[in-house]
Amino acid sequence: MAKRKKRNVIVGQSGGPTAAINSSLAGVYRTAKDRGYNTVYGMLHGIQGFLEGRFIDLSDHIKTGLDAELLKRTPSAYLGTCRYKLPDIYENKEMYEQIFETLDKLEIDCFIYIGGNDSMDTIKKLSDYGIVTGSEIRFVGCPKTIDNDLALTDHTPGYGSAAKYIGTSVKEIIRDGWSLETPTGQITIIEIMGRDAGWLTGSSALSKGEDCDGPDAIYLPEIDFDIDTFVEHCRDLLKKKSSIVITVSEGIHDANGTYISEMGNRIEYIDAFGHKQLTGTARYLCEIVSEKIGCKTRAIELSTLQRAASHCASRVDILEAYEVGGAAMMAADEGDSGKMVVINRLSDDPYQAGTEVKDVHKIANDERLVPRNWITKDGTYVTNRFITYVKPLIQGDVAPIVVDGIPRHLYVPGYQELL
Ligand code: F6P
């Protein structure tokens, strides 16, 4: 039988950026080239930009080995990202016709989408439409999210680097708290991303070691939050120490499901997937603690820093992100469609892991939360099992390529204006 002629590939990034998402992009590009594909297109701002006809030829950007190394060390989504929900096929068949027409025009064989659970919805819908219409294009998902909440995979690229940054920063904040004696005592509340899953907030426990006690309490969104109980907890902690550091998830909520962040701010922004913007939890809790206890408080929102901190990236994470990008490309090349690459952990110590592909229908729109037995009984800390799980993912460093004392990122003159 004649060998199929390989044509082109298109890759997109979607959802929240991470410090590792560009390493996956580099992995997709390298593998596509190694496997003999011609052009590797990059969608600008994911499927949303693609619908507007916005894409680039990645070989104009990755010309040398140094470019690829810089890309791996560049935070944010190089191609730009989006939070865009494709309509159901029956709601807007014309949109799918338009997408497939453009893909055919570009002679695309493989469509790779790097994203989280909402983004896998795009792979699911496109691959379903492809089956119905008999298209030969393969649609494969490449996992990514700092939230680490994707189903069926041991963890997601991006999580390890964010966890390393959180463990490091929380440790530095705890140390800072030791330095100044405050007559009233001080409570520092650190707000960490992760929406409904506490994987990131739990990783603040990584600060604990011989030279640091770790945070005094950790509040995850998996457990209903009660403000009065929280204030009493703060009061008790202050009796023992003068500087208390508590980490809270941006997504903590009361028993009715109302986010604590909603109680304290008037930000009403809601994205295409119906997610409210969560911010201001630490600030609100500090106001309450200050009013009820009268001590000094400080609110710290790690916000964008925790997902953009390439200078503190985990080597394990960056290398895995690259491999997972390559595995997604390989799977598509070998005929898989409607699948996402997952990471299977083989052992914690030494850490060993491998990849396989799983049906994206079982992953899209689902959320994997921290298991209840990885959280202490009183719901205010994570167990050793949690720490054993996350520790291998933060190992090693990726030295930034430093120019004039500041890490250098991949930069192509004029490109930024396209985004
Ligand atoms: O999806 C990843 C994530 O970082 C969440 O942890 C967080 O809730 C959300 O993105 C914030 O997104 P944005 O930057 O769009 O407000």
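The values are calculated or read from the model by the stated rules, or taken from the named source; none is laboratory data. Fair warning: this is a prediction, and the values are worked out from it, not measured in the lab. Counting neighbours? That spans all protein chains shown, and the Cβs are built from the backbone with ideal geometry, glycine included. To get the accessible areas, we keep the full protein, side chains included, count just its heavy atoms, and leave off ligands, DNA and RNA. Shrake-Rupley method; radii C 1.70, N 1.55, O 1.52, S 1.80 Å.
Odds and ends about this structure:
- Projected label distance in nm at A272 and T168, using a 7 Å step from Cα toward the beta-carbon: 3.3
- Shown in residue order for region 30-41 are the 3J(HN,Hα) couplings computed by the Karplus curve 6.51 cos²θ - 1.76 cosθ + 1.60 at θ = phi - 60°: 4, 5, 4, 5, 4, 8, x, 7, 7, 9, 10, 7 Hz (x for Gly and Pro).
- Cα pair distances of region 359-412 binned at 10 Å [whole percent]: 17, 23, 24, 26, 10, 0
- Region 163-308, accessible surface, carbon-and-sulfur percent (1.4 angstrom probe): 46
- Near-label residues of region 377-401 by backbone N, under 19 Å of a point 7 Å along Cα→Cβ of T229: 377-383
- If R0 is 25 Å, the Cβ-Cβ spacing of K105 and N365 corresponds to a FRET efficiency of close to 0.25.
- Distance between modelled label sites at L346 and K5, nm, 7 Å Cα→Cβ extension: 4.0
- The relative contact order of the chain comes to 23 percent, based on Cα pairs under 8 Å that sit 6 or more residues apart.
- According to the Cα-based calculation, Rg over Rh for region 163-308 is 0.95, with Rh computed by the Kirkwood formula.
- Working note: 222 nm ellipticity from helices only, DSSP H runs with n ≥ 4, each -39,500 (n - 2.57), summed and divided by the residues of the chain, gives -10500 deg cm²/dmol to the nearest 500.
- Where labels lie 7 Å past Cα in the beta-carbon direction, separation of R298 and T39 in nm: 5.3
- Sites E52 and L305, calculated FRET efficiency, Cβ-Cβ separation with R0 30 Å, nearest 0.05: 0.45
- Summed side-chain charge close to C82 - residues other than C82 whose Cβ falls under 12 Å, Lys, Arg +1, Asp, Glu -1: 0
- Applying 1/(1 + (r/R0)^6) with r as the Cβ-Cβ distance of N373 and L418 and R0 = 41 angstrom yields a FRET efficiency of 0.25.
- Relative intensity, log₁₀ I(q)/I(0), of the chain from a Debye sum that treats every alpha carbon as a point, q = 0.13 Å⁻¹: -1.08
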